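J.: Dropping a structure here in structure tokens format, bear with me for questions.
Read the figures in this text as sums done on the coordinates, not as results from a lab. Because the structure is predicted, anything quoted here is derived from the model rather than measured. Here Cβ is always computed from backbone atoms with ideal geometry, including for glycine, and neighbour counts include all displayed protein chains.
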Amino acid sequence: MNPEYYLILAAALFCIGAVGVLVRRNSIVVFMCVELMLNAGNLTLVTFARTTGTVDGQVMAFFVMAVAAAEVVVGLAIIMSIYRSRRSASVDDANLLKA
Amino acid sequence: MSESTELTIDWAGLAPMVIVFVAAFAGLLVEAAVPKARRLPVQVALAVAALAGAFVAVVLNADKSGAVFNLGGTGLGSVIVDGPGLFLQGTIAILSIIAVLLLAERRTVRGGDFVAEAAVVADSAADVEQRREDGATEIFPLTLFAVTGMMMFVTAGDLLTMFVALEMLSLPLYLLCGLAKRRRLISQEAALKYFLLGAFASAFYVYGMAMLYGFAGTVDLAGINQAGVSSGQPRMLLYIGVAMIAVALLFKAAAVPFHMWTPDVYTGAPTPVTALMAACVKVAAFGGLLRVFNTGLSSSAWDWHLILTVIAVATMIGGAIFAVTQRNIKRLLAYSSIANAGYLLIGVIALGEAVGQTMFYLAAYGFTVIAAFAVVSLVRDGDEEATHLARWAGLGKNSPGTAVVFTILMLALAGLPFTSGFTAKFSLFSAALQADELGLVIVGVVSSAILAFPYLRVVVLLWLNEPAPDAPTVNLPSPMAGTVVAAGVAATLILGIAPGFLLDIVDQASTFLNT
């Protein structure tokens, strides 16, 4: 199958994720959209590994996955601590810093 | 056959990172093994010893230029030890020793600026209770992990290593931002903002890396530079890749329009963490930018020169103008850090001509800004920091010593002669002139003039205004924060009056491998 389709799919996922980060208000959903963007990057890496005939891209996808997992740990800890203090995970409610 | 696949590792070149990384894990063990009362001195000693050891290792590596990992005689790109990498690693080590001392300050506010147990719900009864306890000492291993990431970031020779380093320096910082003892809601909010926007930026980085991989067939910076001339792939892949990598790196460097997080996070985070971010992360971010643009993208300079110039102009002017309108000292310093990112971008755009001067600027600015934040953490209303500028009026009458110190730092940030701010700006701008960036230098000078206004206003406020009857107190620092202020001011004056020795060092250290 033509690898271009995968690149287009990845670009679409990346855009959906980016728009989601900008318009959604729940910090968990925002974070999921970031994960979607990372996975779009992974899909692109793997597709290019196929087109360039190297395995580097597949290895890089593993690195990105591992780093993304570490990011989830830190991110959910921060979101949880905010939620427990405010009973809300909305990014609009976090507005104490507006000078 | 066996010769061509033999992997040799230059452990001496890797040593600075390994020392700090091992010390970070040792710090985690200290948390488990050492009784609570003795953890602080042990952790501080461990962190300072590790960072000093890393600095010594950097010095021993001086004049080295090559890849750390070699496969059958050919260098692999992942970690490159060369002049700029070593100089920036050394700068990060020294600045983070100072930042660690500031993190360890326990006298200006009892128990320190950090929360004892971050899991306790903010402002609950248990939280009020734990304000009397000493702050958690996990901050030191977290800092060491972040510093390892920064050191790796400035020596990373391929985009993947750079991505891992970027996350390694960011993740501990997200947590550190949320660990303030006072105003915990604001601190947690800063952590959330920094985290969400930082994760957003890393997603751009990954996608940009994928695009450059598709363009060049490798993520090695030298390979990408080669492909900029010879690749048969569509040029569009290169454009998208460069743009997205630049977004992520400029986010860390706090350039307009990716600066939105800076004032909020600088204000919300505990002041010692803000100092660490303003000094060390700035060095790391610009170290990464210098390396990517000098060794990876110099062959495609025509493609990104214009857009980066626009960003530099927006950063210089935007940062300076917003700084004028600030009423909070931490926000003022945040916007000034944005404007300074603009000046440093001139050094990135000027490429090889200005690498040394950009590194000098980073070192000079780091010392000054870390001392400025240390002074901010001393001036307090009760237990809270007096960050509103109006509260600083007449400080020169009540505590002349602190006011003199802060005046020196403000004049340095404003770029007046006989301070490091002047030498740094002067050498950077003259290097940029040699690289034919006259337009950027003019904008830089205009922006510096605008930016001098808010600093001089602070100086006027300190000396010529009458103090309020309930003026904030200046708490006597312990030797920890005292050393920070002394070291910062000393470096500011020495680099202003006799900068020759450091200018010589950066001159020798300004050549990247593979340029």
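J.: Averaged over its residues, how many other protein chain Cβ atoms are within 10 Å of peptide B:249-260's Cβ atoms? Please list the in-between numbers first.
T.: Numbers: counts 0, 0, 0, 0, 0, 0, 0, 0, 0, 0, 0, 0.
Mean number of neighbouring Cβ atoms from other chains: 0.
J.: Same structure again: Between B:Val59 and A:Asp92, what is the label-to-label distance in nm when each label sits 7 Å out along the Cα-to-Cβ direction?
T.: 5.7
J.: What FRET efficiency would be calculated for the residue pair B:Ser478, B:Thr325, taking the C-beta separation as r and a Förster radius of 35 Å, to the nearest 0.05? Please report the intermediate quantities before stating the final value.
T.: Working: r = 35 Å, r/R0 = 1.00.
About 0.50, to the nearest 0.05.
J.: Using only Cα atoms, what is the ratio of the radius of gyration of chain B to 2.2 N^0.38 Å?
T.: Relative to the rule-of-thumb radius for its length, chain B sits at 0.94.
J.: Further question: At what distance in angstrom do the alpha carbon centres of the stretch B:484-507 and the stretch B:218-269 lie from each other?
T.: 31
J.: Could you tell me the extents of the stretch B:291-435's C-alpha atoms along the three principal axes, largest first, rounded to whole Å?
T.: Sorted from largest, the Cα extents of the stretch B:291-435 read 57, 27, 21 Å.
J.: A further question follows. Give a quick list of GluC sites (Glu not before Pro) in the stretch B:1-109 that DSSP marks as loop, anything other than H, G, I, E or B, with at most 16 other Cβ atoms within 10 Å. Before the final figure, lay out each step's value.
T.: On the way: sites: B:Glu3, B:Glu6, B:Glu31, B:Glu105; in loops: B:Glu6, B:Glu105.
Answer by residue number: B:Glu6.
J.: If we sort B:482-491, B:202-211, A:62-71, A:39-48 on the protection proxy, mean other Cβ atoms within 10 Å, highest first, what's the order?
T.: The most tightly packed comes first, giving B:202-211, A:39-48, B:482-491, A:62-71.
J.: Restricting the calculation to Cα positions, tell me the Rg (one decimal) and the Dmax (whole number) of the stretch B:109-243 in Å.
T.: 20.3, 66
J.: What ranking do A:8-21, B:326-339, B:346-359 get when scored by the average of other Cβ atoms within 10 Å per residue, highest first?
T.: Final packing ranking: B:346-359, B:326-339, A:8-21.
J.: Considering only the other residues whose Cβ falls under 9 Å of the Cβ of B:Gly135, what net charge follows from Lys and Arg at +1 and Asp and Glu at -1?
T.: Numbers: positive: B:Arg106, B:Lys181; negative: B:Asp113, B:Glu133, B:Asp134.
Around B:Gly135, the charge tally is -1.
J.: Same structure, new question: Once you list every other residue whose beta carbon is under 13 Å from the beta carbon of B:Phe153, what net charge do they have if Lys and Arg are +1 and Asp and Glu are -1?
T.: Working: positive: B:Lys252, B:Lys282, B:Arg291; negative: B:Asp158, B:Glu167.
With Lys, Arg at +1 and Asp, Glu at -1, the net is +1.
J.: Let me ask something additional. Direction-averaged shadow area of the convex hull around the Cα atoms of the protein assembly as shown, nm²? Don't skip to the answer; put the middle values down first.
T.: Values: hull surface 106.9 nm².
Averaged projected area of the protein assembly as shown's Cα convex hull equals 26.7 nm².
J.: How much FRET efficiency would the formula 1/(1 + (r/R0)^6) give for A:Met1 and A:Phe62, where r is the Cβ-Cβ distance and R0 is 35 Å, rounded to 0.05? All intermediate terms of the calculation are to be shown ahead of the outcome.
T.: On the way: r = 23 Å, r/R0 = 0.66.
After rounding, the FRET efficiency stands at 0.90.
J.: Right, something else. Just want the answer: with Cβ charges of +1 for Lys and Arg and -1 for Asp and Glu, which residue in B:Leu351, B:Ile321, B:Ala33 is farthest toward the dipole's positive end in the protein assembly as shown?
T.: B:Ile321
J.: For the stretch B:208-262, taking Cα atoms only, what is the radius of gyration to one decimal and the Dmax to the nearest whole Å?
T.: 12.7, 40
J.: While we're looking at this one, here's another question. I'd like the mean, over residues of A:59-66, of how many other protein chain beta carbons sit within 10 Å of each residue's own Cβ. Spell out each step's value before the answer.
T.: Values: counts 1, 9, 2, 0, 6, 10, 0, 2.
Taking the mean over all residues of the peptide, I get 4.
J.: What percentages, rounded to whole numbers, describe P(r) for chain A computed over all alpha carbon pairs with 10 Å bin width beginning at zero?
T.: Per 10 Å bin, starting at zero, the Cα-Cα P(r) for chain A comes out as 15, 36, 28, 14, 6, 0 percent.
J.: Nearest 500 deg cm²/dmol is fine: what mean residue ellipticity at 222 nm does the protein assembly as shown get from its DSSP H runs of n ≥ 4 alone, each adding -39,500 (n - 2.57), divided by its residue count? Please report the intermediate quantities before stating the final value.
T.: On the way: 24 runs with 431 residues, N = 614.
Theoretical 222 nm ellipticity from helices: -24000 deg cm²/dmol.
J.: Further question: Relative to the present Cα-Cα distance, how much length would full extension add between B:Arg235 and B:Arg131 at 0.36 nm per residue of separation? Walk me through the intermediate numbers first.
T.: On the way: separation 104, 0.36 × 104 = 37.44 nm, distance 5.74 nm.
Between B:Arg235 and B:Arg131, full extension yields an extra 31.7 nm.
J.: Charges only on Cβ, +1 for Lys and Arg, -1 for Asp and Glu: so what's the dipole of chain A about the Cα centre, in debye to the nearest 20? Can you show the working numbers first?
T.: Details: 7 positive and 6 negative charges, 91 e Å.
So the dipole magnitude of chain A works out to roughly 440 debye.
J.: Just the projected area, averaged over all directions, of the convex hull on the alpha carbon atoms of the stretch B:143-187: how many nm²? It would help to have the intermediate numbers written out before the result.
T.: Details: hull surface 13.0 nm².
Over all viewing directions, the stretch B:143-187 projects a mean Cα-hull area of 3.3 nm².
J.: What does the structure give for A:72-84 when I average, per residue, the other chain Cβ atoms found within 10 Å of the residue Cβ? Present the calculation step by step, with values, prior to reporting the outcome.
T.: Numbers: counts 1, 1, 12, 8, 0, 7, 13, 5, 1, 13, 7, 2, 6.
Per residue, the average neighbour count from other chains is 6.
J.: Using the Cα centre as the reference, give the magnitude of the dipole from point charges on the C-beta atoms of the protein assembly as shown (Lys, Arg: +1; Asp, Glu: -1; all else neutral), rounded to the nearest 20 debye. Mind dumping the intermediate values first?
T.: Numbers: 33 positive and 38 negative charges, 317 e Å.
Using only the charged Cβ atoms, the result is roughly 1520 debye.
J.: Mind ordering B:36-49, B:141-154, B:374-387 by average Cβ neighbours within 10 Å, highest first? Intermediate results must be reported in sequence, preceding the final value.
T.: On the way: B:36-49: 16.6, B:141-154: 27.4, B:374-387: 20.1.
By packing density, highest mean first, the sequence is B:141-154, B:374-387, B:36-49.
J.: Something else now. Checking the cross-link filter: which aspartates and glutamates have an alpha carbon closer than 17 Å to that of B:Lys252, excluding same-chain neighbours under 8 positions apart?
T.: A:Glu71, B:Glu167, B:Asp264
J.: Using R₀ = 45 Å, calculate the FRET efficiency as 1/(1 + (r/R₀)^6) where r is the Cβ-Cβ separation of B:Phe453 and B:Asp383; round to 0.05. Can you show the working numbers first?
T.: Working: r = 32 Å, r/R0 = 0.71.
Calculated transfer efficiency: 0.90.
J.: Under the 0.36 nm per residue contour assumption, what length would be gained going from the current alpha-carbon distance of B:Ala486 and B:Ile307 to full extension?
T.: 60.4 nm
J.: Ok, one more. Can you grab the distance from the C-alpha centre of the stretch B:64-82 to the C-alpha centre of the stretch A:12-60, Å, no decimals?
T.: Using only Cα atoms, the two centres lie 31 Å from each other.
J.: Net charge near B:Val219, counting Lys/Arg +1 and Asp/Glu -1 over other residues with Cβ under 11 Å of its Cβ? Don't skip to the answer; put the middle values down first.
T.: Values: positive: none; negative: A:Asp56, B:Asp158, B:Asp220.
Local charge sum for B:Val219: -3.
J.: Measure out, as a whole number of angstrom, how far apart the alpha-carbon centroids of the stretch B:128-181 and the stretch B:393-461 sit.
T.: Between the Cα centres of the stretch B:128-181 and the stretch B:393-461 lies a distance of 30 Å.
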